[in-house]
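Heads up, the thing below is written out as structure tokens.
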Amino acid sequence: MASFTPTRALNVLARPSSFARTSLQIQHIANKRWSATGPSPSTRAPRSHRTRGFGRLEADDYQPSYEPPKSGLLSYLPRPWIPYAELIRLDKPTGTYYLFLPCLFSTFLAAPLTHPITPPSTLIATSSLFFAGALIMRGAGCTVNDLWDRNLDPHVARTRLRPIARGAISVQQAVPFLGVQLLAGLGILLQFPASCLLYGIPSLILVATYPLAKRVTNYPQFILGLTFSWGAIMGFPALGLDLLSNTPALISASCLYASCVAWTVVYDMIYAYQDIRDDAAAGIKSIALAQEANAKVFLASVSAVQVALLAGAGVAVGAGPVFFVGTCGGAAATLVYMIRKVDLKSVEDCWGWFKRGAWFTGGAISMGLLGEYLARYFGVYEERETVERGARFTEDAAS
């Protein structure tokens, strides 16, 4: 039997998978259709050059070729580093924010439950570690995604110039780079209490398998939500709370996790509308395609579920009025505004609201949770309860 070597493993990864072969068949069919009606997929115009809405391409619309960044963070990097920075989306931090925010939510929600209450210094240190972990693991997730999609990305206008899709990084280069990212992520995870390993490692299964979801279901955003929302659990063990022995905390963490999954479906459905026509042509399944006829009703329904689950997380741990007004009310108000304003037929508007939504809705939730933590930390609720008990005692004495 032939020995198994790293080179052999890389050669296996480099072969087209069954999904890749299917995508190549789709490409062959699409090329024949496009050759009769206009430019081929490799020369189609970017979405920003198309007519408003989902209009057809003009025959003389072509996609620009790749140009190295001339501004922004990536423009300061050495030229050989740029493809790797693009691979981890270093120039597009919105995904990192969406991965970090559930970690922040759970940290703020868990902090008042510890005895003694978690001090602000620990809260800041824990949140900083979570941000570093989100930055690394989001990059690893992008690398996994681009490896799986290396035969699909060239056929979608928005993704055709990604490093692996355009050939700037090979599979043989991307796999070791992924290994370095995962080791760095493990290094961050080891900075937390040992119990976090038990809660954190299972998420790697979701990171590795999410890119396959778009090939088998119209709702890959749900699988993405399971992946991106894992941090909604991690804040509790990070602050020393054992979920398996603390029923209220377990219920609260479960509700928060499910709420974040619903939120992911909302923002990533808006994101998916950028690719709705290319996805249809390439045979990629998408929630945008599945819910195209009643998109905003669907978004509103999932948002209502999100806010209800968020309220459930507060009820489970006896949260006060600051939580329900600031966190739940803030989430509801920002979601309603976003769903009313977003133009799902405009690529630029969908991208804009996807970026703004991270700190628009996510910021409202965070501020509400921070307000609840501060109210607990400074004893605001205790003073209120003391005043109420005193008022009741005076009334009883007078009667």
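The values are calculated or read from the model by the stated rules, or taken from the named source; none is laboratory data. What you see is a predicted model; the values in this text were computed from it and never measured. Methodologically, a virtual Cβ is constructed for each residue, glycine included, from the backbone with ideal geometry; neighbour enumeration extends over all protein chains shown.
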statement: Picked from the range 315-365 (must be among the aromatic types (Phe, Trp, Tyr) and within 21 Å of Gly95 (Cα to Cα)), the residue surrounded by the fewest Cβ atoms within 10 Å (Cβ to Cβ) is Trp359
- prompt: Looking at Gln172, is it surrounded by fewer than 16 Cβ atoms within 10 Å (Cβ to Cβ), assigned to a loop (DSSP other than H, G, I, E, B), in contact (Cβ under 8 Å) with a residue 40 or more places away in the chain and of a type outside the set (D, E, K, R)?
  reply: no
query: Which ones in the range 157-191 are within 19 Å of Phe131 (Cβ to Cβ) and more than 22 Å from the chain's Cα centre (by Cα)?
result: Leu190, Gln191
Subset of the range 324-361 (residues that are within 24 Å of Arg158 (Cα to Cα), among the β-branched types (Val, Ile, Thr) and at pLDDT 95 or above): Ile339, Val342
task: Please state which one of Gly133, Gly95 is of a type outside the set (Phe, Trp, Tyr), in contact with a Lys or Arg (Cβ under 9 Å, 6 or more places away or on another chain) and either modelled with pLDDT of 95 or more or part of a helix (DSSP H, G or I) (or both).
output: Gly95
query: Which residues, taken from the range 147-202, are under 26 Å from Ser346 (Cβ atoms) and either in contact with a helix residue (DSSP H, G or I) (Cβ under 8 Å, 6 or more places away or on another chain) or among the charged types (D, E, K, R) (or both)?
result: Asp149, Leu152, Asp153, Pro154, His155, Val156, Ala157, Arg158, Thr159, Arg160, Arg162, Ala165
message: Condition (residue is more than 17 Å from Gly95 (Cβ to Cβ) and surrounded by fewer than 18 Cβ atoms within 10 Å (Cβ to Cβ)) applied to the range 140-158: is it met by at least one residue?
response: no
message: Pairs needed: first member in the range 338-353, among the aromatic types (Phe, Trp, Tyr); second member anywhere, modelled with pLDDT under 95; C-beta distance under 7 Å; at least 6 residues apart or different chains.
response: Trp351/Gln274; Trp353/Ile270
- line: All conditions in (1) in contact with an Asp or Glu (Cβ under 7 Å, 6 or more places away or on another chain); (2) over 17 Å from Arg138 (Cβ atoms) are true of Gln221 except (2)
statement: Conditions (1) over 15 Å from the mean Cα position of the chain (by Cα); (2) under 27 Å from Val315 (Cα atoms); (3) modelled with pLDDT of 95 or more -> Cys103 fails only (1)
- prompt: Going through the range 204-254 one residue at a time, which ones are more than 28 Å from His115 (Cβ to Cβ) and among the polar types (S, T, N, Q)?
  reply: Thr209, Thr217, Asn218, Gln221, Thr227
query: Taking Ala272 and the conditions (1) small (Gly, Ala, Ser); (2) more than 18 Å from the chain's Cα centre (by Cα); (3) surrounded by 20 or more Cβ atoms within 10 Å (Cβ to Cβ), which numbered condition does it fall short on, given that it satisfies the others?
result: (2)
query: Counting just the residues of the range 247-282 that are of a type outside the set (Ser, Thr, Tyr) and free of Cβ contacts under 8 Å to residues at least 40 places away in the same chain, which one comes out farthest from Ala308 (Cα to Cα)?
result: Ala280
